[in-house]
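The values are calculated or read from the model by the stated rules, or taken from the named source; none is laboratory data. Small disclaimer: the values here were computed from a predicted structure and weren't measured. Here Cβ is always computed from backbone atoms with ideal geometry, including for glycine, and neighbour counts include all displayed protein chains. Quick note on the areas: whole protein, heavy atoms, side chains included, nothing else; ligands and nucleic acids left out. Shrake-Rupley method; radii C 1.70, N 1.55, O 1.52, S 1.80 Å.
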Amino acid sequence: TPIVDQRPVLARENWKMKIHGVSVERPLEITYNDLLKMPSRTIVATMECHGNGRTLFWEQGGFTGQDVAGGNWVMGAVGQAEWQFVPMSENFARVGVKPDAKTVLFWSGVDGNDMGRPMPFADVLAQQNDIGICYAMNGNPLTPDHGAPVRIVVPGWGGTASIKWVTEIRVTDKPVWCRLN
């Protein structure tokens, strides 16, 4: 878990996020305080890490916990919370998305050089009121383990779609590939 002492960009007063890309009409950079002033909503959603059961499954294959890449989850990497967020519909309205949009890339850049999640624009658009830029969980500001100061929340998708420590949203007219952790 990255912390403010190691990554000063994670301090609320330093955090910024760009919303841009070739399929964005009006690129935008927002701060944490800007985000708090935007219209928000809450949703109760369950999130499950894609690594849930990772160690258990590897052990069945004869590997030890030391052989398992990523978090050594047995079971329990799942939880339900009330998330407070600015919906993507609000963000899309502010930046203007061109009709050629194909992919939305939610990007961290904080917890690794290539940590992001591309999603088809059509899928994000279909849930644009339930997917968003999240800054609070169960009525409290996010903690570092939950992506503080800001993360993406994508209900109904595996945990890796809900990028923690988000710093960028890119909307493009091309497919995007990146490593999914």
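Numbers at a glance
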quantity: Within the accessible area of segment 86-136 (1.4 Å probe), percent carbon and sulfur; calculated: 48
quantity: Protection proxy ranking, peptides 150-159, 133-142, average beta carbon neighbours within 10 Å, highest first; calculated: 150-159, 133-142
quantity: Residue 3-residue 18 pseudo-label distance in nm [points 7 Å out on the Cα-to-Cβ vector]; calculated: 3.0
quantity: Euclidean distance of C-alpha centroids, segment 117-181 and segment 21-41, integer Å; calculated: 14
quantity: Spatially proximal lysines relative to residue 174 (Cα-Cα < 18 Å; intrachain offsets below 8 disregarded); calculated: 98, 102
